[in-house]
1. Go ahead and run the numbers for FRET between residue 4 and residue 168, Cβ-Cβ distance against an R0 of 35 Å, rounding to 0.05.
2. At a 10 Å Cβ-Cβ cut-off, how would you order 189, 27, 41, fewest neighbours first?
3. Applying 1/(1 + (r/R0)^6) with R0 = 22 Å to the Cβ-Cβ distance of residue 213 and residue 112, what FRET efficiency is obtained, to the nearest 0.05?
4. Average projected area of the Cα convex hull of segment 180-223, in nm²?
5. For segment 94-222, what relative contact order do you get, as a whole percent, if you take Cα pairs closer than 8 Å and at least 6 residues apart?
6. I need 159, 184, 113 ordered by Cβ neighbour count within 10 Å, fewest first.
7. Given segment 94-222 reduced to its alpha-carbon atoms as identical point scatterers, what log10 I(q)/I(0) does the Debye formula return at q = 0.13 Å⁻¹?
């Protein structure tokens, strides 16, 4: 079945290559049929395919193929498997997918990095009773956390970095991008923490480094 999905995506990719809007890629199309795209990207896809009946028909077929995939594979794993076969998969340090569900968020991908105990401990320090989600991973000589919290229905993001001895790392850099364009960069202070930034629903890539050393990339999607 994955081979059928891959073949169908390649066909759609070929058709997209003739469209004026080249910002729509196969990854977005796959997320579109999985219904995991944020509102802005979903509207962008629909604007692109609106007047192309052939493209709409192929996307409908792709959706059926994805829905018919046996349930032995979680949707996030299916997505990863297809992108790997297409040569589009990046080896992210963490790949986190969050879906808003009222005042909380469902973790659709990246649950293995989730640290609920850290979140409980951090809330009093940050002085807020709002929902806080902390995801933690070690890459090379550094351990980083990606922290997402909801404050009055708005999401904020910040990061921490420490070395393998648990010491805070100052001047660690986190560059946050969307659709290939950098939105902002934050730098850790003497406590190893960055400042807060508000973010909207969408898909983000966060490249992080220590000094001149590039360490890795985190993918975060919120819908």
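Derivation of every value follows stated rules applied to the coordinates shown; laboratory data play no part. Remember, it's a predicted structure, so these values are computed and weren't measured experimentally. Cβ atoms come from the backbone with ideal geometry, glycine included; neighbour counts cover every protein chain shown.
1. Values: r = 49 Å, r/R0 = 1.41.
According to the calculation, E is roughly 0.10.
2. Working: 189 13, 27 18, 41 22.
Ordered by Cβ neighbours within 10 Å, fewest first: 189, 27, 41.
3. 0.30
4. Working: hull surface 14.8 nm².
Its average projected convex-hull area is 3.7 nm².
5. Details: 278 pairs, mean separation 26.6, N = 129.
Relative CO of segment 94-222 lands at 21 percent.
6. Details: 159 23, 184 12, 113 18.
With the fewest neighbours first, 159, 184, 113 line up as 184, 113, 159.
7. Ignoring solvent entirely, the Cα scatterers give -0.49.
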